[in-house]
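One structure below.
A short reminder: the numbers here are calculations on the coordinates, not readings from a lab. As the structure is a computational prediction, the values presented were derived from the model and not from experiment. As a convention, Cβ positions derive from the backbone with ideal geometry for all residues, glycine included, and neighbour counts pool all protein chains shown.
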Amino acid sequence: MGQVLRREKVAEFVSNLHKSGKTVVATNGCFDILHVGHIRYLEKTKTFADYMIVLLNSDKSVRSIKGEGRPINNENDRAEILCALRCVDYVVLFDEDSPRNLLDEIKPDVYTKGADYTMETLPEADIMKKNGTRVEFIEFVKGKSTTNTIEKMSEASGWEGAG
């Protein structure tokens with residue numbers, strides 16, 4: 001079972017993993033309503049290193065990115081759900097819109113993003129290059145997204161969730 005790490009302790013924690021010869025892969029996201037696309041993405045991410053850290057957008061960060069109606073699930077619930085997945089080793093919450101600073105602090109061996117990005121469009125590309133972090137782009141599962149899930153819930157029940 002995964003565990004939540006405090007933001008101020010994660011860089012030292014990852015450094016100790018590296019000193020013991022272990023590799024670390026990081027990814028980030030809101031992971032608001034978990035669906036099969038998330039699961040496959042996270043399982044694939046885990047294959048790239050000994051340990052996986054999910055950099056999880058806090059409620060404040062999600063609201064800033066997605067709007068006032070989000071997140072649907074609060075940060076503590078989202079972190080607990082992620083920690084329950086056998087492929088997730090650690091979760092770290094961050095308040096910024098982007099994980100750039102956190103990625104620069106922890107210097108993972110590998111970083112994964114969805115295949116809708118390229119090195120040319122990846123906002124964190126400069127940090128990855130500076131720290132020698134390998135980037136792996138993972139294909140999405142067609143038709144599976146939190147927005148699609150919310151839309152289906154709305155259609156099925158008349159529920160007015162934020163998209």
Springs between alpha-carbon atoms under 10 Å, Gaussian network over the chain: tell me which of A11, A115, A125 tops the mean-square fluctuations. A115
Structure shown: which of K9/K60; K9/K66; K22/K129; K9/K113 lie over 22 Å apart, alpha-carbon to alpha-carbon? K9/K66; K9/K113
Putting +1 on Lys and Arg Cβ atoms and -1 on Asp and Glu Cβ atoms, find which of C83, S58, V14 reaches farthest to the positive end of the dipole of segment 1-93. V14
Which helices count as membrane-span-like in the chain under these terms: full DSSP H, at least 20 Å along the axis by C-alpha, Kyte-Doolittle mean of -1.0 or more? none
Net charge near M1 (other residues with Cβ under 15 Å of its Cβ; Lys, Arg +1; Asp, Glu -1) is 0
Sorted peptide list for 102-108, 133-139, 40-46, criterion being average Cβ within 10 angstrom, highest first: 102-108, 40-46, 133-139
Distance between modelled label sites at E136 and L122, nm, 7 Å Cα→Cβ extension: 1.2
Ranked highest first by average number of other Cβ atoms within 10 Å, how do 51-60, 71-80 line up? 51-60, 71-80
